[in-house]
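The values are calculated or read from the model by the stated rules, or taken from the named source; none is laboratory data. Bear in mind the structure is a predicted one, so any value in this text is a computation, not a measurement. Note that each Cβ is placed from the backbone with ideal geometry, even for glycine, and that neighbours are counted across all protein chains shown.
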Amino acid sequence: MLASNEPMMEARNVDEQANGEEDEFLDEEMMSIINQTNSLVLNQEEKENNEQTSNFTFPKGVLKQDKPLVDCTEEEQTEINGFFRNTKFIADTSISKIAKHIRLLGYDCISDPSYSTNYIIYKARSENRIIVTGSASLASKIKSENKGTKPKVKDYYDSDEEENEENSNNEETKQIRYLFIDSRKVEFHDSISDIVKSFHLMFHPAKIYTRCLKCNDPVQCIKATTEEEIQELTKIMGGKRIYDLYGQTVTKCPTCKKFFWEGHYFQRCVKFALQYSYSNRKPSNDSNSDK
């Protein structure tokens, strides 16, 4: 029987010392934008006791990230979409709030407390992801592997198959891109600035909130066309006035079932994301920065 191509996802933290340090430097403005969501997000599960909105199924819409970009040539649109699609991250849970900022900009950033250090490195290699970590031990291990002194971890390669052996050799020689953030010494603003500058994380207004901040999944556009759908969406949004203002901008996370719309706090998110992004110019080819 062939061995699995993936390591076990051990339910342990990558660095116990990094846990709990984050609250010391969290940016209050950013967290208020994320947490104060009266006009931005509504958890459908919270209304189940009062309304039956959780049982209503809206027609499946297009992904917000796939919508055409305004004021872009076809060539520019292809370049921008390609940059966002290919710039992917994996973060350990010691910096989960920073991971939310990466998602806010529209970039794919996975994170889970069950990820072991070996699994994080495996995912980074196999999916060409950039590791963002607050763990000194993980950063040290990545440095060691990039220098060719990789520990003997063979549990996620199939050594019985020649093809898999060849693939594993290729993956072992691939340099891992990463950024270490010492949350005990670096302020939140400086941390996200380091990330966007190191990897040239560009801002584009159409990419803001294209991913759920919690789940990382791409959100789907919700369009109410029938009277029943309009009534249900009005109920979800909290009233006709809000629906009239923002009803055409509603999206939904397919995983956590939260609804989003471009209200007051969304505009604050856009302002914050613009301030803490590389720029709104075209993506650069020299964005593969290691630290």
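Residues in the stretch 184-225 that are of a type in the set (Val, Ile, Thr) and surrounded by 18 or more Cβ atoms within 10 Å (Cβ to Cβ): ILE192, ILE195, VAL196, ILE208, THR210, VAL219, ILE222.
Residues satisfying the criterion are absent from the stretch 176-183 (criterion: closer than 18 Å to GLY82 by Cα, β-branched (Val, Ile, Thr) and buried (at least 21 other Cβ atoms within 10 Å of the Cβ)).
Looking only at the stretch 127-140, decide whether some residue is at pLDDT below 90 and surrounded by fewer than 19 Cβ atoms within 10 Å (Cβ to Cβ). Lay out the reasoning, then the answer.
Within the stretch 127-140, the first condition is being at pLDDT below 90, and the residues that meet it are none.
Looking for residues that are at pLDDT below 90 and surrounded by fewer than 19 Cβ atoms within 10 Å (Cβ to Cβ), one finds none in the stretch 127-140, hence no.
Here the condition is being in contact with a strand residue (DSSP E or B) (Cβ under 9 Å, 6 or more places away or on another chain), of a type in the set (D, E, K, R) and either closer than 18 Å to GLY106 by Cβ or at pLDDT below 90 (or both); of LYS214, LYS197, LYS207, it holds for LYS214 alone. Residues in the stretch 188-225 that are in a strand (DSSP E or B) and in contact with an Asp or Glu (Cβ under 7 Å, 6 or more places away or on another chain): ARG211 only. Looking only at the stretch 178-187, residues that are closer than 15 Å to ALA136 by Cα, assigned to a loop (DSSP other than H, G, I, E, B) and either touching a residue at least 24 places away in the same chain (Cβ under 8 Å) or among the aliphatic types (A, V, I, L, M) (or both) come to 5 in all. The helices (runs of 4 or more DSSP H) found entirely in the stretch 59-156 that carry 1 or more residues being over 24 Å from SER198 (Cα atoms) and without any contact (Cβ under 8 Å) to a residue 60 or more places away in the chain are 74-86.
Scanning the stretch 59-80 for residues that are in contact with a Leu (Cβ under 9 Å, 6 or more places away or on another chain), buried (at least 18 other Cβ atoms within 10 Å of the Cβ) and not hydrophobic (A, V, I, L, M, F, W, C) turns up nothing.
Looking across LYS271, LYS282, one residue alone is closer than 28 Å to CYS72 by Cβ, at pLDDT below 90, of a type in the set (Lys, Arg) and not in a loop (DSSP other than H, G, I, E, B). It is LYS271. In the stretch 235-268, the qualifying residues are those that are in contact with a Leu (Cβ under 8 Å, 6 or more places away or on another chain) and assigned to a helix (DSSP H, G or I), and the one that is surrounded by the fewest Cβ atoms within 10 Å (Cβ to Cβ) is HIS264.
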